Protein chains: 2
Amino acid sequence: MGEINIKQLASELNLSAATVSRALRDSHEISAETKARVMEMAKKLNYEPNPFASSLRHQKSNTIAVIVPEVANNFFSLAIKGIEEVARAKDHHVLIYQTHESGELESSFMTRLLSGRVDGVLISPASHVASKDYFQKVSEKIPMVFFDRDHDDIEGVKITTDDYESAYSATQHLLEAGCKRIGFLAALDTLTTGKKRMQGYIDALKDNGLTAEPELIVTQCENNEPCRSKIRYFIARQKPDGILSSIEELALPCYYVCKELNLNIPKDLKVITYSNLSHAELLNPSLSTINQPAFEIGTEAATILFKMFSKRWYDPNITISLKSNIIKRESTQA
Amino acid sequence: MGEINIKQLASELNLSAATVSRALRDSHEISAETKARVMEMAKKLNYEPNPFASSLRHQKSNTIAVIVPEVANNFFSLAIKGIEEVARAKDHHVLIYQTHESGELESSFMTRLLSGRVDGVLISPASHVASKDYFQKVSEKIPMVFFDRDHDDIEGVKITTDDYESAYSATQHLLEAGCKRIGFLAALDTLTTGKKRMQGYIDALKDNGLTAEPELIVTQCENNEPCRSKIRYFIARQKPDGILSSIEELALPCYYVCKELNLNIPKDLKVITYSNLSHAELLNPSLSTINQPAFEIGTEAATILFKMFSKRWYDPNITISLKSNIIKRESTQA
DNA sequence: TTTATTTACGTAAACGTTTACGAATAAAGG
DNA sequence: CCTTTATTCGTAAACGTTTACGTAAATAAA
């Protein structure tokens, strides 16, 4: 580990470790002259204080944890970017954990964070839920903020987007583009996020005199290979003329499937999806998206976490909703 | 921080802290009966050992650092995914740092890691270089692996891809598709990575009886807004009929620019680029890519780092090159 | 001058673990 | 029976920092 410690540095200067420690933290108890001597020698010897000793003594880690389903995801990588930048400004370190949508893994990460390894947690929960006890347990001990995803039966500080409204608007948009038979590719249906998106879809249909038929809602279709064939079967069988996808990973397979089935987007099937694809405009056809402010969600969540650290945040149970941006492109053209 | 510590746990059991510690680590010095009692009570009281005390004592952190230019990037997020998975399997924690291509930031991160905060470092260096001393300084103290990017004048363990060969092949591919005037969008030219890509381009031209004309090489064009206008000017002025881009971020602007200039890809201009875009196939036209095995680079780099930890790796100066995959699509069709 | 206050530093304890060393008991060997 | 060895556990020191407390000298107030 680190080479030189504060005692060696102190003896080099004929000072006590206490004085050196205080000098380095610019304490008023130390003379300017001594401070200068200490600083110089510290730089000369490349002294770096041992963070574990420091954390042990202070009972704080200057570290936060970010728990996400996946890093390699347009939304989460952007959110993490935002989080890291805020943490950097606050001189904190960022630990990353991937759950791969597993509740068990998530539970294991969370409970192990109770050791004091981090001062706070930013989490976007896994969709496959085992137990939920650990959320409560952790948030009782250390500040915690949900971002993007959350459970409606868990209290906490939550940064989300306008999932209901955006799904409603997107459905409305499909209807206005002439769709009569709109399919919904569900995901995250164990989470508030997914439920709201579905409810927005259902209500928009209802408000337009239509009913959401169960056979038009595709569920249990996560990110793996059977997914595409399930979608192919759905499109071939149900012949929807519009699709609202609740995650990017389900929308892009539609493009491939339409090629296979010789269907034209948007003539035969219009597609709109939640997505943070930065180049949706370059797709063929360009893809209409519900774009979530991923970066801002990250910065906002992190900012609030730091406010919780400094007790400048008092509401333990609040949901802050940021606006998504619906961008209409060729894939939903009338 | 953590609520209960080992002393309280011990007193609860009428044992000494030492015994509890040993029991938890399954030491042979402790009777099976006692171990069981300890385990049970530890679970009951949700005991989590304080990692800082443990790290302080052991002089190891069970943590690795990943330093990258950006997290929100198709390549790096995939690499990080791979790294995290390997670290998970080894029960290590992963700290993330973004340099935003700044050498100063990178330097600051690196030198502060000398405190012992991490047992090893995985780094993909920033393109804007300040000094390079810190690479040497860090790698002398703790295991360090370069991935994807590196400096040719710095020794070390490096996981890269076949940059020279892939650039050569891509250029060859453009030539075979009929290009006579191939532009090169340079990036990372301070790094071995970028230099090799350019050399591959130059040599491929030379081997085909052509010379790389300076006005066909666009440099100093990083990821920001002036970038697109620079590319627009380049295409309008130099009228290349083929472009090899050394990073994804420079290739996609070509698509936008060609729309603006009413140029047809691939008829008027063929484009191929280094990229980890997962849906290059869906672009209009579908984009020919040099696909780097980002995930594998991540896992390979991490695996080697762990071998260095356990002294099962002896070569301090070696470059391991993984093969990139050139995927020819519509954007380079003859 | 004496006393009170300020300045500048040192001593030692504490943070929570781990582990070298030692000790007590039990089992085994003679 | 005594001695040796194995088993099981406790004591105390150590990891490197920080900080409450103490103290000596210098300065100010009386």
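Laboratory data are not the source of any read-out in this text; all were calculated from the coordinates shown. All figures in this text were calculated on a predicted structure; none of them were measured in a lab. Cβ: placed from backbone, ideal geometry, glycine included. Neighbour counts: every protein chain shown.
Where a ≥ b ≥ c are the square roots of the eigenvalues of the C-alpha gyration tensor, would you call the protein assembly as shown rounded, which needs a/c under 1.5, or, failing that, prolate if a/b is larger than b/c, or oblate? Verdict is oblate for the protein assembly as shown.
Near B:H93, the amide H atoms lying under 5 Å from its own belong to B:T63, B:I64; only residues 5 or more places off or on other chains count, and H is placed 1.01 Å from N.
Which one of B:A236, B:L282, B:N62 is farthest out on the positive end of the charge dipole of chain B, using unit charges on Cβ (Lys, Arg +1; Asp, Glu -1) and the Cα centre as origin? The residue sitting most towards the positive pole is B:N62. Computed about its Cα centre, the charge dipole of the protein assembly as shown is approximately 620 debye, with only Lys, Arg, Asp and Glu carrying charge at their Cβ.
Shielding of peptide A:63-72 by partners, expressed as the average count of other chain Cβ atoms within 10 Å per residue Cβ, is 4. Counting only DSSP beta bridges with both residues in the stretch A:175-334, tell me the antiparallel percent, nearest 5. Antiparallel: roughly 20 percent of the beta bridges in the stretch A:175-334. Each Lys or Arg adds one and each Asp or Glu takes one away; over the other residues whose Cβ falls under 14 Å from the Cβ of A:K328, this sums to -1. Residues considered: B:L13, B:L263, B:L277. Largest GNM mean-square fluctuation over chain B, using C-alpha springs under 10 Å, is found at B:L13.
Couplings 3J(HN,Hα) for the stretch B:84-98, derived from phi with the Karplus relation 6.51 cos²θ - 1.76 cosθ + 1.60 (θ = phi - 60°), are 4, 5, 5, 4, 4, 4, 9, 6, 10, 9, 10, 9, 10, 10, 9 Hz, where x marks Gly and Pro. Database remark: amide H of B:D162 closer than 5 angstrom to the amide H of B:L322, B:S324 (H placed geometrically; neighbours at sequence offset of 5 or more, or on other chains; Pro and chain starts carry no H). Sequentially through the stretch B:127-141, phi angles give Karplus couplings (6.51, -1.76, 1.60; θ = phi - 60°) of 7, 8, 9, 9, 10, 10, 4, 5, 4, 4, 4, 5, 5, 5, 9 Hz, Gly and Pro residues having no value and appearing as x. Averaged over the residues of B:278-290, the number of partner chain Cβ atoms lying within 10 Å of the residue Cβ comes to 4. DSSP assigns beta bridges within the protein assembly as shown; of those with both partners inside it, close to 10 percent run antiparallel.
Label separation (B:D203 vs A:A130): 5.1 nm, computed from points 7 Å beyond Cα along the C-beta direction.
Overall, the stretch B:1-109 carries a charge dipole of about 560 debye about its Cα centre when +1 sits on the Cβ of Lys and Arg and -1 on the Cβ of Asp and Glu, all other atoms neutral. Charge tally for B:I30 (other residues, Cβ to Cβ under 15 Å; Lys, Arg +1; Asp, Glu -1): 0. Compared with the dominant principal axis of the Cα atoms in chain B, helix B:226-238 is inclined by about 30°.
Between B:M144, B:G116, B:A53, the Cα set farthest toward the positive side of the dipole of chain B (charges on each charged residue's Cβ, about the Cα centre) is that of B:A53.
Using the average count of surrounding beta-carbon atoms within 10 Å as a protection proxy, the listed peptides B:133-142, A:160-169 rank, highest first, as A:160-169, B:133-142. Highest GNM mean-square fluctuation among B:E249, B:E260, B:E33, for chain B modelled with Cα contacts below 10 Å: B:E33. Have a look at the DSSP beta bridges in chain B and tell me what percent are antiparallel, nearest 5. Here the antiparallel bridges make up roughly 10 percent for chain B.
Over 21 Å apart at the Cα level, from the set A:K81/B:K230; B:K141/B:K195; B:K7/B:K43; A:K230/A:K270; B:K90/B:K311; A:K137/B:K44, are A:K81/B:K230; B:K141/B:K195. Overall, the stretch B:6-49 carries a charge dipole of about 60 debye about its Cα centre when +1 sits on the Cβ of Lys and Arg and -1 on the Cβ of Asp and Glu, all other atoms neutral. For the pair the stretch B:97-160 / the stretch A:292-313, the C-alpha centres are spaced 29 Å from each other. For chain B, the longest principal axis of the C-alpha atoms and the axis of helix B:294-309 are separated by about 40°. For the protein assembly as shown, the residue among B:G82, B:A187, B:V38 whose Cα projects farthest onto the positive side of the dipole built from Cβ charges is B:V38. Site pair A:K307 and B:E176 shows an inter-label distance of 5.9 nm when each label is modelled 7 Å from Cα along Cα→Cβ.
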